[in-house]
1. When DSSP beta bridges are limited to those with both residues in the stretch 64-217, what percentage is antiparallel, rounded to the nearest 5?
2. Can you pull out the trypsin sites (Lys or Arg not before Pro) in the stretch 120-217 that DSSP calls coil and that have at most 11 other Cβ atoms within 10 Å?
3. Send over the semi-axes of the chain's equivalent ellipsoid, whole angstrom and largest first, taken as the square roots of 5 times the C-alpha gyration tensor eigenvalues.
4. Suppose every K and R has +1 on its Cβ and every D and E has -1 on its Cβ; what is the size of the dipole of the stretch 8-63 about the Cα centre, in Debye to the nearest 20?
5. Expressed in nm to one decimal, what extension gain is obtained for the pair Val104 and Asp199 from 0.36 nm per residue of sequence separation less their Cα-Cα distance?
6. About the Cα centre of the chain, what is the dipole size in debye to 20, counting +1 per Lys and Arg Cβ and -1 per Asp and Glu Cβ, all else neutral?
7. Where does the longest stretch of the chain lie that holds no GluC sites (Glu not before Pro) found in a DSSP loop with 12 or fewer other Cβ atoms within 10 Å?
8. Could you tell me what % of all Cα pairs in the stretch 8-63 have separations over 13 Å?
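Every number here is computed from the coordinates shown, using simple stated rules; none is lab data. Predicted model only: the values in this text are computed from it and were never measured. When we count neighbours, we look across all protein chains shown, and the Cβ atoms used for this are built from the backbone with ideal geometry, even at glycine.
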Amino acid sequence: MTGLREDSIDVAEGGRASSVFDLYAARFPLLREMSASIVLAVNQKFCAPSVGLSDGDELAFLPPVSGGSDEHFFALTRDPIDAAALARRILRDEDGAIVTFEGVTRNNTKGRATRYLDYECYEAMAVKTMAEIGAEIARTHEISRIAMVHRLGRIEIGETSVVVIATAPHRKAAFDAAFEGINKLKRLVPVWKKEYFADGEVWVDGEWDDSVVRAGS
């Protein structure tokens, strides 16, 4: 939309996220046209436009990612995921079904007591890959919208680490889309999990989808 992937500017003391957005919206009118759909994040955390900025802060303008003409939603966060709010965000009046999958942290793996998990990822590629998965699902299932959000950082027992939500006029399409969405996310999105046990920690072995070409191929 802007021709820029990133930019660096000086902001006056007391400057807010909204003032920086206004600065770029004046340069790039399309940002202003889409302002109702763009989400702001400071230092990789969603924020309100009124949030103040400090020296060295990174402010991101996050447009919705589209598959066809309908808006879907794909994101990473280090904050707790509000699945209900996310479902309301993508629900349309003509939808008759919402299917929500939440992956939560359990207290053990094969009987070994788990203290907490920690997730890392290749962030730029992770969001892009989720968008590609979502767009493909939207093309092949009769759904209205799909959303995927993965949490990063430390996740406590019982907390949600990943959410996939599908809305549709009818339940079967929503179920199928959510099921396919989480399965493909687990095999294609570059996110890695470290599990901390009472007696040590380990990176959890994952498995790429068969379609992914390996470096040694």
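1. Approximately 85 percent, going by the DSSP bridge assignments.
2. In loop regions of the stretch 120-217 (DSSP not H, G, I, E or B), the sparsely surrounded trypsin sites (Lys or Arg not before Pro) are Arg214.
3. 30, 24, 17
4. 220
5. 32.1 nm
6. 480
7. 95-206
8. Numbers: 865 of 1540 pairs.
Of all Cα-Cα pairs in the stretch 8-63, 56 percent lie more than 13 Å apart.
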